[in-house]
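The block underneath contains the structure these notes are about, expressed in structure tokens.
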Amino acid sequence: MVPLQEKLLTYMNNINLEKIKHVHFIGIGGIGVSAVARMMLEKGKKVTGSDASESRITGELLKIGAEVFIGHHTENISSDIDLAIYSIAVSPENPEMIEAKRRGIEIISYPEFLGVISKNYFTIAVAGTHGKTTTTAMVAKTLIDNNNDPTVIVGSLLSSGGSNFVSGNSKYFVVEACEYRRSFLNINPRILIITNIDNDHLDYYKDTNDIISAFHEFAGNVSEGGCIIADLNDKNITKALEGIKTKIIDFSKPKYETLKLNLKVPGEHNRKNARAVLVLVDVLGFDTDKAVKSLENFSGTWRRFEYKGKTENGAIIYDDYAHHPTEIKATILGAREKFPDKKLTIIFQPHLYSRTKLLFNDFISVLSLADRVIVTDIYAAREPNDNSITGKMLSDAVKVKNKNTLYISDFNEIASYLNKNSNNEDVLITMGAGDVYKVCGALVKVE
């Protein structure tokens with residue numbers, strides 16, 4: 001089997017990567033784009049890229065040989081760049097996009113790059129509004145542990161190796177398939193796992209039916225002879241799969257439904273993710289007992305209920321990427337399951353003005369499930385400022401249901417408050433898709 005990276009030399013939109021020496025990434029700190037940057041570094045290419053701010057991801061790329069610019073500027077586009085790959089979060093008005101086009105540099109988006117890969121490999125795609133990162137990582141670990149040597153791109157950092165990219169030499173390509181802006185439509189999977197479909201990314205989609213239509217179209221991309229593994233208890237998935245002729249396997253009703261999995265990652269949502277992986281193992285004809293052992297040793301990924309340490313006073317600290325009400329509820333219930341006798345504090349950073357506004361009442365409901373809530377300012381990400389919705393507004397609304405709610409805008413102040421007002425009876429979880437994880441650094445006791 002020819003390694004994936006070599007096949008890319010032939011198939012990437014007629015771009016001859018053999019002749020390409022310098023690849024530039026616009027939005028290199030993105031969790032998906034950075035995986036492709038790692039791939040290009042492995043091929044011996046010169047890799048440069050830009051991002052709005054420094055992060056753990058950009059830091060790791062620097063360590064392995066990439067040149068990373070902080071800030072998007074015309075001068076970052078040098079005359080020797082042969083190919084530019086960009087994140088779909090990047091605006092067409094981005095100065096580097098404009099300059100690359102002016103110079104006649106070949107440009108391709110990250111999702112398009114994934115599509116080129118998927119057309120030429122046995123692709124296992126994991127989609128869903130929630131749980132796709134963890135499920136992708138579970139699939140990757142299960143195949144790797146059982147010597148199937150997959151190539152993997154996942155939307156987080158794997159606990160083994162600390163990377164979002166695994167270079168393999170088998171026919172299997174495991175990829176997290178993101179629905180944002182319908183980017184997953186570039187992928188042509190042989191097997192598709194759908195964890196769930198919920199009302200997210202409403203800054204792009206018109207409504208839930210629009211989201212369902214995107215998943216329906218993606219399900220139609222599954223290649224002949226392939227199959228779809230999905231939870232048909234999810235009414236949105238059922239709608240999305242109406243009229244789809246591909247074989248569909250309901251992972252909510254397999255023989256593994258009652259199997260007692262002793263997972264390290266808590267919560268019913270993770271047990272469902274694991275059952276989907278076991279159905280995949282069945283479909284591929286691999287050893288189920290080995291897969292169970294692999295899943296039971298799965299310890300999670302970066303920013304998915306990730307254990308960070310303890311405070312000076314013994315409070316346990318976790319960090320979680322949950323930024324949608326459904327995810328927040330699942331994380332809280334999982335934490336309650338793992339720590340039934342402790343008090344739970346959520347330090348929540350809302351992500352996007354549009355999401356906070358559209359799901360405002362749902363956020364109130366789920367955040368109120370914690371014993372104590374700290375809300376900080378909204379992480380704007382790709383959106384312009386919107387003063388009609390703020391973190392303070394959300395905090396005030398949550399406080400009506402849960403009086404033990406605070407609004408604190410400054411991360412250092414949050415850490416100072418918690419260091420003074422937490423002890424070994426507390427579990428603290430920083431939560432959100434922005435940079436709230438930075439609070440953990442000020443909380444964790446250095447040992």
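Here are some notes:
- Complete set of residues in the range 115-171 that are assigned to a strand (DSSP E or B), farther than 24 Å from GLY267 by Cα and touching a Phe, Trp or Tyr at 6+ places or on another chain (Cβ under 8 Å): PHE122, THR123, ILE124, THR151, VAL152, ILE153
- Among the residues of the range 349-381, those identified as more than 13 Å from ALA322 (Cβ to Cβ) and of a type in the set (Val, Ile, Thr) are THR356, ILE364, VAL373, ILE374, VAL375, THR376, ILE378.
- Tally of residues being open to solvent by 10 Å² or more (accessible area, probe 1.4 Å) and within 19 Å of the chain's Cα centre (by Cα) across the range 168-195: 8
- Residue list for the range 360-407, filter: of a type in the set (S, T, N, Q) and either within 16 Å of GLY434 (Cα to Cα) or open to solvent by less than 80 Å² (accessible area, probe 1.4 Å) (or both): SER365, SER368, THR376, ASN385, SER388, THR390, SER395, ASN402, ASN404, THR405
- Matching residues in the range 122-146 - criterion: being over 19 Å from the mean Cα position of the chain (by Cα) and buried (at least 24 other Cβ atoms within 10 Å of the Cβ): LEU143
- Residue match in the range 167-176 (condition: modelled with pLDDT under 95 and aromatic (Phe, Trp, Tyr)): no
- Set ILE346, ILE332: member being closer than 21 Å to LYS272 by Cα, of a type outside the set (Phe, Trp, Tyr) and either at pLDDT 95 or above or assigned to a strand (DSSP E or B) (or both): ILE332
- On inspection, ASP149 qualifies as open to solvent by 60 Å² or more (accessible area, probe 1.4 Å), free of Cβ contacts under 8 Å to residues at least 24 places away in the same chain, in contact with a Ser or Thr (Cβ under 9 Å, 6 or more places away or on another chain) and of a type in the set (Asp, Glu).
- Conditions (1) open to solvent by less than 40 Å² (accessible area, probe 1.4 Å); (2) farther than 14 Å from GLN349 by Cβ; number of the one not met by ASN419: (1)
- Every residue from the range 312-329 that is buried (at least 20 other Cβ atoms within 10 Å of the Cβ) and outside any loop (DSSP other than H, G, I, E, B): ILE316, ILE317, TYR318, ASP319, ASP320, PRO325, GLU327, ILE328
- In the range 393-417, the residues that are farther than 30 Å from GLY30 by Cβ and either in contact with a Lys or Arg (Cβ under 6 Å, 6 or more places away or on another chain) or touching a residue at least 40 places away in the same chain (Cβ under 8 Å) (or both): ASN404, THR405, TYR417
- Top-ranked residue in the range 57-92 [being of a type in the set (D, E, K, R) and part of a helix (DSSP H, G or I); ranked as surrounded by the most Cβ atoms within 10 Å (Cβ to Cβ)]: GLU60
- Among residues of the range 1-32, those that are at negative phi and either modelled with pLDDT of 95 or more or of a type outside the set (A, V, I, L, M) (or both), counted: 19
- Lone qualifier among ALA35, ALA52 - being among the aliphatic types (A, V, I, L, M), open to solvent by 30 Å² or more (accessible area, probe 1.4 Å) and modelled with pLDDT under 95: ALA52
The values are calculated or read from the model by the stated rules, or taken from the named source; none is laboratory data. Predicted, not measured: the structure shown is a model, and the values here were computed from it. No Cβ is skipped: glycine too gets one built from the backbone with ideal geometry, and neighbour counts run over all protein chains shown. When the accessible area is computed, the model is the full protein with side chains, heavy atoms only, and any ligands, DNA or RNA have been set aside. Shrake-Rupley method; radii C 1.70, N 1.55, O 1.52, S 1.80 Å.
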